[in-house]
Amino acid sequence: MNLQFLVWFGVLVLLHLTLNMKYWVRQTKAMLWMFALLYAAAIGLYLGLLLGIKPPMPTQFFIKTVSPTVFSIIHPQQEAKR
């Protein structure tokens, strides 16, 4: 992934976090937990990308596993030609 994109994404997440801190004091406890979990997930994915860990993507599983199976069921004669 592009390092410049990762740097700017990190800066924007931190900026957004600091700008929203003043609104957190007015939120309910449940909303605070939701904010904390969402920021933790975003920062966790970001740090994983910086460390070179590719997060599992559901679309890749669908493309590599489910799609060929469904295609072979729908078009059995074309699968035999491959």
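Just so you know, all these numbers are worked out from the coordinates, no wet-lab data involved. Remember, predicted model here, so these are calculated numbers, not experimental data.
In the chain, how does Rg compare with the Kirkwood Rh, expressed as the Rg/Rh ratio over alpha carbon atoms? Over the Cα atoms of the chain, Rg/Rh equals 1.26. Working note: 222 nm ellipticity from helices only, DSSP H runs with n ≥ 4, each -39,500 (n - 2.57), summed and divided by the residues of the chain, gives -23500 deg cm²/dmol to the nearest 500.
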